[in-house]
Amino acid sequence: MKDIPKKIRILRFVIEQGVVTLDDIRCFLGNQDRKDSIRVTLYKLGASHVKYGKISHGVWYINNAGSLELIKTYYPDLTQIVIRKVYLHHIPHALGINRIRIILCQNLKVDIDTWWSENYIRSLSPRQRFGISFTKIPDAIFWRLRSDGSRQKFFLEYERTLKSKSRYTEIFQYYANRKDVTKRNVLYICADEIIKDELEKIEKFLVKSAKLESAGLYFQFITFKSLVHQYLFQSKKRRN
């Protein structure tokens, strides 16, 4: 496989994640690049940006089809990722997912060899999506490489705010009925302890009411703070 230029890795990351900051890209590359250099690369790639809160140089996204063709030059087997419109109210959630991806992918404890973002999953056919419908697409799916060479699949959900109890009942039962959900491989990253505690209560309620087989069988609930504490300080250099 040919070496992948840095600009192409940046381009793919931006398209997959949908919206990013310069710091997201810098961390994704392993903190070896200056933000000014990354910003110039984004301009050359035809990326767009918009001011957002106090984030330096705002948030960036790709909205031109030519960038997709450029990626296909280096990733010929990559699905044709659909460019989706960026909505301001979606940005906080998107930036949280970016941070989670970076923390997990650069950690020594977790050797992730494949990452499917929500944008990537939405671009796949139903068969390629393992039957996941558009109404139940997770925030990401990733595969962890085990020491014996086998791969373990995880579903990632990032909860910044709470949904209704009925909605969680539907989602939890959906995951529990999937054949590829086993050994707590649905990972819920919660914005705070309040959300984590509520999800654990809902899981226990569903078990008590015989709507789930058992607690601790399908899901892991951890706070974003715990994720940072466990994984952030054991980072590794990003592989090309």
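The values are calculated or read from the model by the stated rules, or taken from the named source; none is laboratory data. As the structure is a computational prediction, the values presented were derived from the model and not from experiment. Ideal geometry is used to build each Cβ from the backbone, glycine not excepted, and the neighbour counts take in all protein chains shown. Surface areas here come from the heavy atoms of the whole protein model, side chains and all, with no ligands, DNA or RNA. Shrake-Rupley method; radii C 1.70, N 1.55, O 1.52, S 1.80 Å.
Would you work out what percent of the accessible area of segment 141-181, with all protein chains in place, is carbon or sulfur (probe 1.4 Å)?
Numbers: 990 of 2190 Å².
Of all accessible area on segment 141-181, carbon and sulfur atoms account for 45 percent.
Out of the total accessible area of segment 26-85 (probe 1.4 Å, heavy atoms of protein only), what percent is carbon and sulfur?
Details: 1820 of 3660 Å².
C and S fraction of accessible area: 50 percent.
Residue order by solvent-accessible surface for Ile141, Ile222 is Ile222, Ile141, largest first, with ligands and nucleic acids left out and a 1.4 Å probe. Once the Cα atoms are used to define both axes, helix 91-105 deviates from the longest principal axis of the chain by about 90 degrees.
Remark: C-alpha extents of segment 123-240 on the principal axes read 46, 36, 28 Å, sorted largest to smallest.
Averaged over residues, the count of other Cβ atoms within 10 Å places the peptides 189-199, 70-80, 92-102 in the sequence 92-102, 189-199, 70-80, highest first. Mean separation of Cα pairs under 8 Å and 6 or more residues apart, divided by the residue count, gives the chain a relative contact order of 18 percent.
Computed from backbone phi, the HN-Hα couplings of segment 39-56 come to 4, 5, 4, 5, 4, 5, 7, x, 6, 10, 9, 9, 5, 8, x, 9, 6, 4 Hz, rounded to whole numbers (Karplus: 6.51 cos²θ - 1.76 cosθ + 1.60, θ = phi - 60°; Gly and Pro given as x). Its relative contact order, with pairs defined as Cα atoms under 8 Å and 6+ residues apart, puts segment 62-198 at 18 percent.
Going from most exposed to least, what order do Tyr218, Tyr61 have by accessible area with a 1.4 Å probe? It would help to have the intermediate numbers written out before the result.
Details: Tyr218 20, Tyr61 50 Å².
From most accessible down to least: Tyr61, Tyr218.
Computed from the alpha carbon positions, the gyration tensor of the chain leads to an equivalent ellipsoid with semi-axes of 31, 19, 18 Å, biggest first. Per-residue SASA remark: Lys85, around 150 Å² accessible (1.4 Å probe; ligands, DNA and RNA not included). Computed with a 1.4 Å probe over protein heavy atoms only, the accessible surface of segment 123-240 comes to 58 Å² per residue.
Pairs from the list Lys72/Lys183; Lys183/Lys211; Lys44/Lys225; Lys54/Lys225 with a Cα-Cα gap above 24 Å: Lys72/Lys183; Lys44/Lys225.
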